[in-house]
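The values are calculated or read from the model by the stated rules, or taken from the named source; none is laboratory data. Computed from a prediction, not measured in an experiment: that's the story for all the values here. Neighbour counts run over all protein chains shown; Cβ positions are idealised from the backbone, glycine included. Heads up: the accessible areas ignore ligands, DNA and RNA and are worked out on the full protein's heavy atoms, side chains in. Shrake-Rupley method; radii C 1.70, N 1.55, O 1.52, S 1.80 Å.
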Amino acid sequence: MDLAPLPGFRDFFPDRAARREYLFARWRETARRFGFEPYDGPPLESVELYRRKSGEEIVGQLYAFTDKGGREVALRPEMTPTLARMIGTQGASQPKPIKWFSMPQLFRYERQQRGRLREHFQFNCDILGEASIEADVELVALLVETLASFGLTARDFSVKVSDRLLLVAVLEALGIADGAARAQVFAAVDKLSREPREKVREKLVASGLAARTTDDLLELLAAHDLSRLASRFETAPQVAERVLTLQRFFGLLECMGLGGFAEFDPTIVRGLDYYTGIVFEAFDREGKLRAISGGGRYDDLLENLGGTPLPALGFGMGDVVLGEMLTERNLWPAKPEGGLQIYLVLVEEALRPKMLALGHTLRRAGFRVDYSLATLAVGKQFRAAAQRHAAVAIVLGPEEWLRGAVKLKDLASREEREVSVAELEKALASLPS
Ligand code: HAM
């Protein structure tokens, strides 16, 4: 039997699990700082939920099967439909705005490539029940602060922001009002960063755009310039209105001191069908990796699913690309958080009952403590302490014990001193948590 995990799936041995814990801890802590509350949903959902709203691309990647009750079900490929379903049933009774976060494991049968696996963990933050642009700003600020909490700066990443309503207004001004043609244009523009411009151009022409209009559109998209769009479409009030909204969005981010993290990029449209307004993706500045995070407004999703109509917006941030970025920038903590603090070293086996009592007292007091379960030479116990990255060793020797004391050894500096058992907890108070 092949002992490797399935392609695109990972085993989480302790090193990798510790890194995942680190991501989770930062994600949770940053969401909490912004007043978001945790929620979760089932990992298995009806296929219908994704068919109705996520769009073709994701439906083609589903891990789907028929269960024993004859239901068509799928492992969740994203969290947003589950959230929309949950809010659809309970949203009316929740105080607004609803600010929730979750860290689900998601499953997509993707073609494997750098930054893309068949399972990943995704930090999801969503705001529901708030239509104002302030909510979009709040969400992008949270996204930026989450990445900053890992030591990433405006030199490392940027959030590229666009607006589907602006693109719709531009397309209307160019004479494309038909929904199907618009969807084709969105799909083609979404590929601009990954496909040659000529191929995208062909697709745009195939979706009904005149060759001249296509070139005009491609040039405007490449310019990344809001004022230029405004002056080009001076006579189209919808374009002007959305330009103003976006300018306000960037202005508010500037007020928070986050202006340097975000930029206008009209080629961002997002692959998922349900977005209705501002959309964004965070990328590494070097452009080597796929998107670290993506999201936007989806004001119609809840109503379309038959639930309470509520404006909504959110983002997802995967653990895979973020992890690669932290590796490239050497930003993983040298020592895993929550690791062992104290290793108890037994000089004489006869003292084991005393050591067990001491160890238990220290664990009760909240310290992370371990010791050898078998009789081991002192040198081997110290080696075990080092392998486990313990901060200190407490050595129980017969002579000290008779004096009611132990030796406390700092394993980094190798300094050692005698401490009375009664004073031990005080002496340990400065241990790194
Ligand atoms: P998404 O763009 O499909 O959006 O995924 C968000 C992020 O999850 C991506 O930027 C990427 O970091 C990560 N990701 C996605 N697929 C994979 C994969 N196969 N392997 C590794 N990482 C992956 C959504 O899923 C939306 N539901 C986000 C959202 C929340 N929109 C509103 N609220």
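What residue among I58, I98, I394 has the largest mean-square fluctuation in a Gaussian network model of the chain, using Cα springs under 10 Å?
I394
For the chain, take the longest principal axis of its alpha carbons; what is the angle in degrees between that and the long axis of helix 179-190, to the nearest 10 within 0 to 90?
In the chain, helix 179-190 runs at an angle near 50 degrees to the longest axis.
With every protein chain kept in the model, how would you rank D300, D265 by accessible area, 1.4 Å probe, largest at the top?
Largest accessible area first, the list is D300, D265.
Evaluate E = 1/(1 + (r/R0)^6) for H389 and E134, where r is the Cβ-Cβ distance and R0 equals 45 Å; express this FRET efficiency to the nearest 0.05.
Once rounded, the FRET efficiency stands at 0.50.
Subtracting the Cα-Cα distance from 0.36 nm times the residue separation, let me have the gained length for R285 to A374 in nm, one decimal.
Value of the extension gain: 26.8 nm.
State which entries of K160/K199; K191/K288; K160/K191; K354/K380 exceed 18 angstrom in Cα-Cα distance in the structure shown.
Over 18 Å Cα-Cα: K160/K199; K354/K380.
Taking K and R as +1 and D and E as -1, what net charge do the other residues with C-beta under 9 Å from the C-beta of L106 add up to?
0
Be a star and scan region 269-306 for residues whose amide nitrogen sits under 14 Å from the point 7 Å along the Cα-to-Cβ vector of M86.
none
Restricting to Cα pairs below 8 Å that are 6+ residues apart, what does the relative contact order work out to for region 342-427? Please round to a whole percent.
30 percent
Students often check this: by mean Cβ neighbours within 10 Å, which of 239-246, 77-84, 350-357 ranks highest, and how do the rest follow?
So the peptides 239-246, 77-84, 350-357, ranked by packing, come out 77-84, 239-246, 350-357.
Determine the gain in length on full extension of the stretch R114-Q94; use 0.36 nm per residue of separation and subtract their C-alpha separation, reporting nm with one decimal.
Gain in length upon complete extension: 3.2 nm.
Working with all protein chains in place, sort R194, R76 by solvent-accessible area computed with a 1.4 Å probe, largest first.
I get R194, R76, largest accessible area first.
Quick check: residue separation of M256 and S420 times 0.36 nm, minus the Cα distance between them. What number comes out in nm?
Length difference between fully extended and current span is 53.8 nm.
Tell me, what is the per residue accessible area of the chain in Å², probe radius 1.4 Å?
Ligands and nucleic acids excluded, the figure is 49 Å² per residue.
At 7 Å along Cα-to-Cβ for each site, give me the label-to-label distance between T153 and A412 in nm.
2.3 nm
Between T327 and F9, what's the calculated FRET efficiency when r is the beta-carbon distance and R0 is 22 Å? Round to 0.05.
The value I calculate is 0.70.
Local charge sum around V47 (other residues, Cβ-Cβ under 10 Å, Lys/Arg +1, Asp/Glu -1)?
0
How large a share of the accessible area of region 313-433, in percent, is made up of carbon and sulfur atoms when the probe is 1.4 Å and the other protein chains stay in place?
The value for region 313-433 is 53 percent carbon and sulfur by accessible area.
By how many degrees, between 0 and 90 and to the nearest 10, does the Cα long axis of helix 133-148 differ from the longest principal axis of the chain?
In the chain, helix 133-148 runs at an angle near 40 degrees to the longest axis.
Given the whole protein assembly as supplied and a 1.4 Å probe, what does the accessible area of D370 come to in Å², nearest 10?
About 40 Å², ignoring ligands and nucleic acids.
If one takes the longest principal axis of the Cα atoms in the chain, at what angle in degrees, from 0 to 90 and to the nearest 10, does the Cα axis of helix 197-206 lie?
That works out to roughly 50 degrees.
In angstroms, what radius of gyration and Dmax does region 342-427 have, counting Cα atoms only?
For region 342-427, the Cα-based Rg and Dmax read 11.6, 30 Å.
At 222 nm, what helix-only mean residue ellipticity would the chain give, in deg cm²/dmol to the nearest 500, using -39500 (n - 2.57) for each DSSP H run of four or more?
Dividing the helical sum by the residues of the chain leaves -12000 deg cm²/dmol.
How many nm separate the modelled label positions at A365 and Y63, each set 7 Å beyond the Cα in the direction of the Cβ?
That separation, rounded to one decimal, is 4.5 nm.
With label points built 7 Å along Cα→Cβ from the Cα atoms of D300 and K335, find their separation and express it in nm.
5.5 nm
What translational diffusion coefficient, to the nearest whole µm²/s, does region 110-165 have by Stokes-Einstein, given a Kirkwood radius computed over alpha-carbon pairs, a temperature of 4 °C and 1.567 mPa s viscosity?
D = 93 µm²/s.
At 25 °C and a viscosity of 0.890 mPa s, what translational diffusion coefficient does Stokes-Einstein give for region 14-328, taking Rh as the Kirkwood radius over Cα pairs? Give it in µm²/s as a whole number.
121 µm²/s
Around E145, with a cut-off of 11 angstrom between Cβ atoms, what is the net charge of the other residues, counting Lys and Arg +1 and Asp and Glu -1?
0
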